[in-house]
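Taken together, the values in this text are just the output of simple stated rules run on the coordinates, not laboratory data. Quantities reported herein were computed from a predicted structural model and do not represent experimental measurements. No Cβ is skipped: glycine too gets one built from the backbone with ideal geometry, and neighbour counts run over all protein chains shown.
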There are 6 protein chains.
Amino acid sequence: MPYVNIRITKEGEVTADQKRQLIEGATNLLHDVLGKNKKTTVVTIDEVDTDNWGIGGVPVTEIRKRQK
Amino acid sequence: MPYVNIRITKEGEVTADQKRQLIEGATNLLHDVLGKNKKTTVVTIDEVDTDNWGIGGVPVTEIRKRQK
Amino acid sequence: MPYVNIRITKEGEVTADQKRQLIEGATNLLHDVLGKNKKTTVVTIDEVDTDNWGIGGVPVTEIRKRQK
Amino acid sequence: MPYVNIRITKEGEVTADQKRQLIEGATNLLHDVLGKNKKTTVVTIDEVDTDNWGIGGVPVTEIRKRQK
Amino acid sequence: MPYVNIRITKEGEVTADQKRQLIEGATNLLHDVLGKNKKTTVVTIDEVDTDNWGIGGVPVTEIRKRQK
Amino acid sequence: MPYVNIRITKEGEVTADQKRQLIEGATNLLHDVLGKNKKTTVVTIDEVDTDNWGIGGVPVTEIRKRQK
């Protein structure tokens, strides 16, 4: 009965099908590695605005501008 | 001074009054069971899109369609 | 299928029965207020050392000393 | 490689520059106190609706009304 | 630069190699589905005591006893 | 009334005084940048085993070995 929380930046469009793949993939991973019961595995995905995510002390919004 | 995080799927309308009941109920629970100080108990509620929540490897959006 | 995370300071002994009451109480709360399915409601409890929890800028370890 | 999650109520406007200051400040804090590598420090900011945040068993929405 | 938090019950022994497989698998999943940069993907694993995890309103400790 | 969760790897000894500095520093940061009330600001620190933390698909335990 694992609980997996995936946090990603909200950039471009993440489709419902891609989210389905993340949910299925994380559930299978826990089953394959630890034999966890798929039925009670819960996965949630949080999409975080690029202003609200920073790495190296810099917001992702600024990192993306510099990368252009 | 407990911190309680309640995560639910965003389905139908959850009213401000229902959220108030969750906040009050969780705060009372910690007080009644463990004697925690209500004044410093914090409760947050996260509403997660049904595309972003999965159980059994399947997004809730799909589960709801099958249930109809 | 809610997910509830309860974080409390590790002080005194919290018994298995008290934890059971928290799990049962939080599950009932979500059922009573929002009609959520109890079977798929998950509750986790994190016990955090008093050195690792602060309020008002002060660790709980120090707050407890001052209260004596 | 610390991970810092900052949760605040969504009240007034928090500007992109203020978020930048939070990201930079939290990253510097971990570096200054523990010598953590800034490059791999991740900071995320969650803005939570005042209906969805409670303290003392009362939603922040109500607390703000009483304060007026 | 995703952040993935995997929470599992502390049951039996989860080896360092199994944890490595979870970290590698989750990192690959985000790369394969969304093209996320593996270098800045962070994965953390929380092992939670069976007294501190409940599903269906019942602690896992009790569920395991009944299953025997 | 912000809530800040700081997650770090459990390496070397993090002293109670360093934890106090993290709690005080994070509380001051939210006050200085957003004018948040220090009295109701909560900070928690999670120390995670290096086997349970990965970046770039590799556990920190292995990264540290390679760095020697």
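Here are the numbers:
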| read-out | value |
| --- | --- |
| Share antiparallel - DSSP beta bridges, chain D, percent rounded to 5 | 20 |
| Nm distances between copies for B:Lys10, ranked from closest, using label points 7 Å along Cα→Cβ | 0.8, 0.8, 3.6, 3.7, 3.7 |
| Chain A Cβ-axis minimum, rotational copy F, residue and distance in Å | A:Ile55, 5 |
| At 7 Å out from Cα toward Cβ: A:Glu47 inter-copy label distances (nm, ascending) | 1.7, 1.7, 3.6, 3.9, 4.0 |
| Neighbourhood charge, 13 Å Cβ-Cβ cut-off, centred on C:Asn5 and excluding it, Lys, Arg +1 and Asp, Glu -1 | -1 |
| For F:30-36, mean number of other protein chain Cβ atoms within 10 Å | 5 |
| Largest-first principal axis extents of the Cα set of chain F (Å) | 43, 25, 16 |
| Furthest towards positive pole of dipole, A:Val4, A:Leu22, A:Asn37, structure part segment A:3-67, Cβ charges | A:Asn37 |
| Low-density loop cleavage sites - GluC sites (Glu not before Pro) in chain F, where at most 10 other Cβ are within 10 Å (DSSP) | F:Glu13 |
| Calculated label separations, F:Glu62, copies of the chain, 7 Å along the beta-carbon direction, nm | 3.0, 3.3, 4.1, 4.1, 5.2 |
| Cross-link partners of B:Lys38 among aspartates and glutamates (Cα-Cα below 17 Å; sequence separation of 8 or more within a chain) | B:Glu24, C:Glu11, D:Glu62 |
| Cβ-Cβ FRET estimate between A:Lys68 and E:Arg64, R0 fixed at 41 Å, reported to 0.05 | 0.15 |
| Convex hull per residue volume in Å³, alpha carbons only, for the protein assembly as shown | 149 |
| Dipole magnitude (debye, nearest 20) for the protein assembly as shown, charges at Cβ of Lys, Arg, Asp, Glu | 0 |
| Rounded to the nearest 20 debye, dipole of chain F from Cβ charges on Lys, Arg, Asp, Glu | 120 |
| Alpha-carbon centroids, chain B and segment C:46-61: separation in whole Å | 24 |
| Across D:Lys39/E:Lys39; D:Lys36/E:Lys10; D:Lys36/F:Lys19, pairs whose alpha-carbon gap is larger than 18 Å | D:Lys36/E:Lys10 |
